[in-house]
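Beneath this line is the structure, given in structure tokens, with notes to follow.
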Amino acid sequence: MTFDDLAAEMAARYGKGRYHAAALCREIHRNGNPDWHRADAFRASPGLTRRLMRDLDFQTGQILRKQTEGDLVKLAVGLRDGETVESVIIPMAARTTLCISSQAGCRMGCRFCETGRMGLRRNLTAGEIVGQVYLARSVLGYPVGNVVFMGMGEPLDNFASVRQAVRVLAGDHGFNLARRRITLSTAGLVDGIRRLADPDGPLPRLAVSLNASNDRIRSRIMPVNRVHPMADLRRALLAYPLDPKGAIFVEYVLIKGVNDRPEHADELADFLSPLRVKVNLIPCNPRSDHPFGPPAPEAVEGFRERLTRHKIFVRGRAVKGRNVMAACGQLGGNL
Ligand code: SF4
């Protein structure tokens, strides 16, 4: 719940309002304090505190397993009904990033992705999404600085819960993360991008998992493209509001012999030319039954140079977490 939701709920249920809602948001969302009931505001209202403890649900998941590779930590989070999702803590130079899941499984079926093989098991609630941020904080002992919806699931396929989770993460009584600290990555659900662009909603930064330079290749590796072809996707991206210096992140998983040739780089640059973008090149990660191979390092370098020559800003992403199946496209692979 956001502060406003909580204030309305508390007024309706208990005749208490904004003071206690603000205290609860501060203790739970901001401080991650499991002993919130010992805070002054609640010690002074023991009757209310008892009712809150009875009525509210504070525990939306628990850590079942922790795997580490260097400083990266992958968490398997068990949900109440027995489903498991994964989140990945990625310490970076300036702040720690948390990659979270929005669905158990995914129905988009991208062929290079482990989660896609599971099919959709169910959507997560907003509480289960935000709960992953609590759990990461409890592991780290400090709050994460960036949250990226790039774990299991297509966030825009679980629109209402994801939008509510973004509201809680961005809320100034809550986690208070700035817009540029929350990134939502989509496989290209055009209607969802349009709905997300609503100026009243909190606007996360947008990333799109593109992975192809033309419809033929994209439809082959990402079935969503058969419903939302690249021209439609580009129109939706062009309409997405950006900060003055903002850009859309374009993720491009390089797959050997499929989308990694110089002509693909030229075609991609042409497709992206009307957009303000930053491109992440991600060498394809191994999947358990491995239909696609990682590109040769020279192919990655050549692709990057070619895009740069077309004046496209490119970031090569360091490959982290492969050994614990925590890298891009590998989540859910050993659940
Ligand atoms: S890449 Fe993302 S959208 Fe595609 S199957 Fe995997 S989790 Fe789903």
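It is to be established whether one or more residues within the stretch 136-150 are closer than 16 Å to residue 206 by Cβ, within 12 Å of the ligand (Cβ to nearest atom), in contact with a strand residue (DSSP E or B) (Cβ under 8 Å, 6 or more places away or on another chain) and not in a strand (DSSP E or B). Yes, the stretch 136-150 contains a residue that is closer than 16 Å to residue 206 by Cβ, within 12 Å of the ligand (Cβ to nearest atom), in contact with a strand residue (DSSP E or B) (Cβ under 8 Å, 6 or more places away or on another chain) and not in a strand (DSSP E or B).
Residues in the stretch 106-126 that are under 12 Å from residue 85 (Cα atoms), in a loop (DSSP other than H, G, I, E, B) and within 12 Å of the ligand (Cβ to nearest atom): 106 only.
When the strands (runs of 3 or more DSSP E) confined to the stretch 11-93 are screened for residues that are β-branched (Val, Ile, Thr) and within 14 Å of residue 136 (Cα to Cα), those reaching at least 3 such residues are found at 84-91. Looking across the stretch 199-242 at every residue that is of a type in the set (D, E, K, R) and over 19 Å from residue 177 (Cβ atoms), the one that is surrounded by the most Cβ atoms within 10 Å (Cβ to Cβ) is identified as 218. For the stretch 33-46, the criterion of being crowded, with 19+ Cβ neighbours inside 10 Å and either in contact with an Asp or Glu (Cβ under 6 Å, 6 or more places away or on another chain) or basic (Lys, Arg) (or both) is met by at least one residue. Going by the structure shown, is residue 163 in contact with a strand residue (DSSP E or B) (Cβ under 7 Å, 6 or more places away or on another chain), at pLDDT 95 or above and either surrounded by fewer than 18 Cβ atoms within 10 Å (Cβ to Cβ) or part of a helix (DSSP H, G or I) (or both)? No, not satisfied.
With within 15 Å of the ligand (Cβ to nearest atom), touching a residue at least 12 places away in the same chain (Cβ under 8 Å) and crowded, with 19+ Cβ neighbours inside 10 Å as the only criterion, which of 129, 90, 182 stands out?
Working: 90 fails: within 15 Å of the ligand (Cβ to nearest atom); 182 fails: within 15 Å of the ligand (Cβ to nearest atom).
None of the other options fit; the residue is 129.
The values are calculated or read from the model by the stated rules, or taken from the named source; none is laboratory data. Quick caveat, the model's predicted, so the values are computed rather than measured. FYI the Cβ positions are ideal-geometry reconstructions off the backbone, even for glycines, and counts take in every protein chain you see.
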